[in-house]
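Participant: A single structure is presented below for examination.
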Amino acid sequence: MQDEGTLIHGGASPPLPAASEVADDAGRSPWRPGTWTRRMVAVALLVAAVNLRPAVTSLGPVLQEVRRGLGMSSTVAGLLTSVPMLCFAAFGVTAPRLERRFGPGAVVFAGMCALTAGLLLRPLAGSTPTFLAASALSLAGLAIANVMMPVIVKHYFPDRVGTMTGLYSMGISIGTGTAAAATAPLLNALGGDWRLALGAWALPAALTIPCWIPLIRDRAGGPSAVHASAANRVVHLVTAVGTVSGPGRINRSRTAWAMAVYFGLQSSEIYCIMGWLPQIFRDAKVSSDTAGLLLAVSMAVSVPVSLFLPALAGRMKSQGLLAAVLAGFGLIGYAGLWMAPAGLPWVWAFLIGVANCSFPLALTMIGMRARSDHGVVRLSAFAQCTGYLISIPGPVLVGTLYQHSGGWTAPIAFMAALLVPQTLAGILAGRNRQIEDEV
């Protein structure tokens, strides 16, 4: 079995030491967190990860009630499903600057506070603009915390990056599926009150806040943060933007652009599904409880697949075939939704869920398309920020098509059509190349 360095860097060259393992400028020994600290961080990481998606997936199962209660059009509802990507792109890029000033623990703590506040305020909204503003607040906190998760893992677990990344990825999937499955039953148990059903998710979000209080004062460089190494300072600086000082600019790399397009289109597909799949099934006369469970199934598929897909991708020189296979599952799932959504709904949800495992594949490819940690940071920042911007129009167009066509034929055809350029971008991004050779 390959070690983590080989898996992440595709065997191109030995990985550079983690930032926390590099001696500082004064020659001090590298800082290593204690066992108790690591255990505390592991718990905080998992609790936060579970709460990183319910703000998004809790809305889909009750979107019909929200639209009716606020007088929201399908087009605006589509805009609402695009807000997460806009927030990821707009607020996520600010996280590295905040991290340099306040430390990763303090930034995640602030993100969890904003997430909780937004979830509390969202049910109190009396109009669509207020609802959108409250949603933006919660998603801003989510975006900041989301960007900081890999930093936390790299800082506290430099020798367990793969294991801890798998742990918080699993936590994200659990939270995603739980919110999708439980919101509709909550709605029914609370007498059809969508405000209470959505507001209930503020409670688990609030429980994350105490977990991060002990880490507020823990700076990125540990006890020697003031004298952080030159390598560590460069890593922090390049995270905020897609280019760095040094030879070449990453926006000149064809592989980087292919990676950004692939990341963006697969994100667009995922958020179209999270926002609209329950409504597709409900319009096909599937109950709201079942529609929420179907969304949960499509999200939960990524839990087992994410355990072996990155390892499989790491053993392959090119990952284009995997991108094409995943897209094939999606095409079959969309064909089923188009022909008979209520015929085999569990099968369609499963197939679409497999297709959405393009997300862990995209993260794996980001790690393999650069030779060093420095390059991975550059590519990750560029691909994710650019990709989330690319993904924004998708859910809006789905809502617009639904409103103007009066059915799901055109929206489903649009989502299926997106898989074609996504696959082409995945084939290009999956080639055995490194961005350092192109910039």
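Participant: So which of Ala228, Ala220, Ala240, Ala206 is among the small types (Gly, Ala, Ser) and at pLDDT 80 or above?
Facilitator: That would be Ala206, the only listed residue that is among the small types (Gly, Ala, Ser) and at pLDDT 80 or above.
Participant: Please work out if Ala179 is modelled with pLDDT of 85 or more and within 23 Å of Asp289 (Cβ to Cβ).
Facilitator: yes
Participant: Take Val147 and tell me if it is β-branched (Val, Ile, Thr), open to solvent by 30 Å² or more (accessible area, probe 1.4 Å) and closer than 22 Å to Arg217 by Cα.
Facilitator: Considered against the rule, which asks whether it is β-branched (Val, Ile, Thr), open to solvent by 30 Å² or more (accessible area, probe 1.4 Å) and closer than 22 Å to Arg217 by Cα, Val147 comes out as yes.
Participant: Something else now. Of the numbered conditions (1) part of a helix (DSSP H, G or I); (2) open to solvent by 20 Å² or more (accessible area, probe 1.4 Å); (3) more than 20 Å from Leu418 (Cβ to Cβ); (4) not aliphatic (A, V, I, L, M), Lys285 satisfies every one except a single condition; which is it?
Facilitator: Unmet for Lys285, out of (1) part of a helix (DSSP H, G or I); (2) open to solvent by 20 Å² or more (accessible area, probe 1.4 Å); (3) more than 20 Å from Leu418 (Cβ to Cβ); (4) not aliphatic (A, V, I, L, M): (1).
Participant: Follow-up. Report those helices (runs of 4 or more DSSP H) wholly inside segment 46-110 carrying at least 3 residues which are within 25 Å of Leu167 (Cβ to Cβ).
Facilitator: The qualifying helices (runs of 4 or more DSSP H) are 54-57, 74-92, 95-102.
Participant: Would you mind listing the helices (runs of 4 or more DSSP H) fully within segment 321-418 where at least 3 residues are touching a residue at least 40 places away in the same chain (Cβ under 8 Å) and open to solvent by 50 Å² or more (accessible area, probe 1.4 Å)?
Facilitator: Counting at least 3 such residues, we get 373-391, 393-405.
Participant: Here's something else I'd like to know. Can you pull out every residue in segment 109-139 that is buried (at least 24 other Cβ atoms within 10 Å of the Cβ), closer than 30 Å to Arg217 by Cβ and either modelled with pLDDT under 90 or basic (Lys, Arg) (or both)?
Facilitator: Leu139
The values are calculated or read from the model by the stated rules, or taken from the named source; none is laboratory data. The shown structure was predicted, so the numbers you read here are calculated from the model rather than taken from an experiment. Glycine also receives a Cβ, built like all others from the backbone with ideal geometry; neighbour counts cover every protein chain displayed. Remember, those area values only see protein heavy atoms, side chains included, never the ligands or the DNA or RNA. Shrake-Rupley method; radii C 1.70, N 1.55, O 1.52, S 1.80 Å.
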